[in-house]
Each structure stands twice: as C-alpha cells, then as structure tokens.
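Data block below; observations after.
The values are calculated or read from the model by the stated rules, or taken from the named source; none is laboratory data. Just so it is clear, the structure is predicted and the values come from calculations on it, not from any experiment. When we count neighbours, we look across all protein chains shown, and the Cβ atoms used for this are built from the backbone with ideal geometry, even at glycine. Areas reflect the complete protein model, heavy atoms only, side chains present, ligands, DNA and RNA absent. Shrake-Rupley method; radii C 1.70, N 1.55, O 1.52, S 1.80 Å.
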Amino acid sequence: MILPHAAQLTVHRDPAELAAAVARRIAALIAQAIAARGVCRIALAGGGTPRRCYEQLSGLPVDWSRVQIYFGDERCLPVGDAERNDAMARRSLLQRAEIPAANVHAVAAELGAVRAAADYAARLQEALPLDIVLLGMGEDGHTASLFPGNPALQSEDAAVAVFDAPKPPPERVSLSLATLNAARHKLFLVAGKGKQDALARIAQGAPLPAAQITAAEWHLDQDAVPAKPI
Ligand code: 6PG
C-alpha cells in the first residue's frame, strides 16, 4: 500500500507495538528539537488511539521543562469534561510526566468555537511552526477536527472554529491544514480494522482531510492495513 504524500509508512504488529514505537520516535524528535532550538513545541492528538502511546511516552527520559504542549484540536465541552482531548492527555501523559502547568497551552474550547479559535490562533503565533504534530484519523478520513467537506478545511488561519462535526461534539476547534502542514514533523497513529476503508480510499487518491497532510510519517497497526491489496 502506498499513501500519496506520505514521507514514511510503518506497519506495527499490534496496538501495543505501535504505541511503544511511536513513543520512542516522539521522544527522539523532542530531543532533536531541544538540541536544535532549546525548546520543543508539540501538538497532541485527541481521540483514543494515542492514549497508550502517551502512557509509554510519560515513562521515557524527556526534558519536559523544555517541551511546550499544544493540542491539534479540542472538543467544545466544559473545562474538565472527561471527553475533552486535553483530559485524555492529562490522564495519560501530562500528569504522569509532571509537565509544568505553564507548558500546557489548552484550547479554551469552553468559550465556544469562534472565541476559542481566535484566542488559540493568537496564542499560537509565538509557537509556529510547531516542531511535532501528532494526528489520528477517523473512519471517514478526518484528522484533528477537519472533517470531509467541512468549510474549516479552507481556513488560512492558525486555528479554526468547526461546526457540524459528524463526530460528537459537533462544535470544535482545530489547527488548520496550513498550521498542521507547516509543522517540522507530522506523525499519524492509526489502528484498527475500522480505518481500513479510509486508508484504502487515500491509497487510491481520495483527497480526504488526512490525505491533505503532506510528508507525514504514518504509523499503522496490522489491523488497519486494508485487506485487499491496493
Ligand atoms: C477527536 C480527534 C479525532 C481523532 C480521530 C481518531 O476529537 O476524536 O481529534 O481527530 O484523532 O477521530 O480517533 P480514534 O483514535 O479514537 O480512532
């Protein structure tokens, strides 16, 4: 299988191996950024797939004092809601690795998508280009909170308000395609049979949102690889 625009494609035996391998890769990229610029600015992915990877990452030797944490997207839910992407990150990484609170730049998604996107875009200005962006992919080929056919895909701003998202909640904030693509390193974590169809469509050239991320490292587990050869 070939994914257009991908810089690299690695298939891992199972979700545990995917999590461990990507955690090691992230730690290496963080060290590389710190060595080059004294700081690493990373945007975390939401959803469920990265959780195990974050748990593994929290146990690796990283100089977290020099890491600034951003989020690829956030769901417009109240602060502390367990379904927020930052809540998953706090449980699986930020609290475990004792990352300084001042280094965590949460999206104020509780303000509503328009205000939160404007606030986040302003705060991002000092951080761009990001060093690392972690991304998941939905079964429809969305990534971050950029969904097929959604107007947010056209935004030229650093962060964008998202409405009518088909994956609840409907209102979200996302880094724009421009911001995601400008990052020095982009890593996809994709696992499970449910992602086979979207990957097959991307391999066949469908311009799904995840396919519009250029020069990314794609890390899949075996289950996510489409059954039929492409
Ligand atoms: C979210 C994420 C979303 C996620 C994909 C994959 O809010 O859920 O931003 O883009 O990364 O939907 O989710 P899973 O990893 O749970 O399959």
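Quick notes on this structure:
- Antiparallel bridges, percent of DSSP beta bridges restricted to the chain (to nearest 5): 25
- Gyration tensor (alpha-carbon) shape descriptor, segment 9-130, a/c threshold 1.5: oblate
- Among 91-102, 12-23, 152-163, sorting by the average number of other beta carbon atoms lying within 10 angstrom of each residue, highest first, gives 152-163, 12-23, 91-102.
- Here Asp81 and Ile2 are evaluated by their C-beta separation; at R0 = 25 Å the FRET efficiency comes out at 0.05.
- Working ranking of peptides 167-177, 217-227 by packing, defined as the average number of other Cβ atoms within 10 Å per residue, highest first, is 167-177, 217-227.
- For q = 0.15 Å⁻¹, Debye-computed log10 I/I(0) when each Cα of the chain counts as one equal scatterer: -0.96
- Simple spin-label estimate for Lys167 and Ala227 gives 2.3 nm between the two label positions (7 Å along the Cα-to-Cβ direction from each Cα).
- Cα centroid separation - segment 5-24 against segment 94-153, whole Å: 22
- The mean accessible area for residues of the chain, using a 1.4 Å probe and ignoring ligands and nucleic acids, is 42 Å² per residue.
- log₁₀ of I(q)/I(0) at q = 0.22, 0.24 Å⁻¹ - segment 44-106, Debye sum with one point per alpha carbon: -0.89, -1.05
- Shape call, segment 1-56: gyration tensor on alpha carbons, a/c limit 1.5: oblate
- Among the helices of the chain, those built from whole DSSP H runs whose Cα atoms reach 15 Å or more along their own axis and whose mean Kyte-Doolittle hydropathy is at least -0.5 are 15-37, 113-124.
- Here the mean projected area of the convex hull built on the C-alpha positions of segment 127-230 is 6.4 nm².
- Accessible surface of the chain [probe 1.4 Å, protein heavy atoms]: carbon and sulfur percent: 52
- When His5, His105 are compared by accessible area at a 1.4 angstrom probe, the order from most to least is His5, His105.
- Shape call, segment 143-198: gyration tensor on alpha carbons, a/c limit 1.5: oblate
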